[in-house]
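None of the figures in this text is laboratory data; all of them are computed from the coordinates on show. All values reported here derive from a predicted model rather than from experimental measurement. Every residue, glycine among them, receives a Cβ derived from its backbone with ideal geometry; neighbour counts consider all protein chains shown.
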Amino acid sequence: MRLNDMRSSSNVEDRRRSGGQKLALGGGLGGIVIALIAVFVFKVDPNQLSSLTGGGAGGETRELTAEEEALGEMVTKILGGTEDVWKTLYPLAAASPKFRGAPRTYEEPVLVMFSGSVQSACGMAGAASGPFYCPGDHKVYIDLSFYDELKKQFQAPGDFAQAYVIAHEVGHHVQNLLGLSDYVHKERQRLSDEEYNRLSVRLELQADYFAGVWANRAQKQFSFLERGDVEEALTAAGAIGDDNIQKKMQGTVRPESFTHGTSEQRVRWFTLGLKSGDPLAYDPFQSRYEDL
């Protein structure tokens with residue numbers, strides 16, 4: 001990626017120098033793998049993972065390495081790129097009759113970089129829970145060690161793969177502003193687990209679609225993509241499909257437990273967004289589940 005024309009966002013909280021406690025599940029990437037199994041296979045709430053990962057306040061202050069500083073700068077620019085795209089694109093989506101009541105202007109989320117564990121409005125979470133968006137405080141949380149996991153455990157390296165992760169979480173923020181996150185949350189009260197899982201899949205695929213829409217518009221605005229970048233994002237989207245994770249972690253696949261979509265679905269919806277550049281052109285909530 002070429003990020004020279006992207007500005008750095010000011011909506012960043014860098015808490016990495018005073019991170020939480022170390023992972024208790026064997027530490028480091030091993031703990032992340034175990035917790036990914038908990039989240040994606042056994043459906044543990046990510047906000048409950050602090051008990052598994054040794055989350056909590058405290059921890060010694062440390063200096064960041066040059067590599068960590070550079071990665072943080074990249075993430076800050078990607079967030080700035082999402083802000084510049086969505087401040088123009090979001091009002092067009094919010095004007096749609098189906099989002100009646102949504103705010104008409106884009107509210108920029110805050111991105112929190114942390115190490116080890118973090119307290120959010122959604123509860124305490126550890127690095128093992130992976131990147132997440134908290135609707136309660138409109139913040140995206142990420143321990144950048146997740147990128148090592150993406151590269152080493154899921155064979156999805158590359159800077160645009162990293163950008164896709166941020167764009168996906170910002171996609172959840174857009175959904176929250178439009179009222180979609182609240183709709184899905186309320187539906188949980190009346191649906192069976194399997195029915196709710198299917199609704200959750202739609203929410204995740206739309207976040208992938210919004211990530212693709214962002215990439216389309218950002219390319220037109222910043223010309224930031226280089227040869228091989230799109231393939232990196234597609235590899236990342238495919239790597240974290242429910243079927244791929246379940247097969248990798250437990251050797252079997254249970255479609256009724258999917259909450260994020262299959263590898264093929266995640267790649268397809270990101271690609272649809274990348275080709276269209278229009279947040280309203282395709283909608284997984286309006287598609288038959290079998291056609292997703």
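Values as computed for the structure displayed
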item	result
Ranking of Val85, Val110, Val267 by count of other Cβ atoms within 10 Å, fewest first	Val110, Val267, Val85
Rg to Rh quotient for region 113-235, alpha carbon positions, Kirkwood Rh	0.99
Gaussian network model of the chain, springs between alpha carbon atoms under 10 Å - residue of Ala66, Ala207, Ala94 with greatest fluctuation	Ala66
Cβ charges +1 (Lys, Arg) and -1 (Asp, Glu), total dipole of region 145-264, debye	120 debye
Highest-MSF residue in the chain out of Arg268, Arg17, Arg100 [GNM, Cα springs under 10 Å]	Arg100
Antiparallel %, DSSP beta bridges [both residues in region 12-291], to 5	50 percent
Selection from Val184, Ala237, Tyr147 lying farthest towards where the dipole of region 12-291 points positive, charges on Cβ	Val184
Cα centre as origin, Lys/Arg/Asp/Glu Cβ charges: region 12-291 dipole, Debye	480 debye
Eligible lysines near Lys220 by straight Cα distance, threshold 27 Å, same-chain separation 8 or greater	Lys77, Lys87, Lys139, Lys275
Length-normalised contact order for the chain - Cα pairs under 8 Å, 6+ apart - percent	21 percent
GNM result for the chain, Cα springs below 10 Å: residue of Val170, Val12, Val213 fluctuating most strongly	Val12
Sites excluded, GluC sites (Glu not before Pro) in DSSP loops with at most 13 other C-beta within 10 Å, longest stretch of the chain	108-225
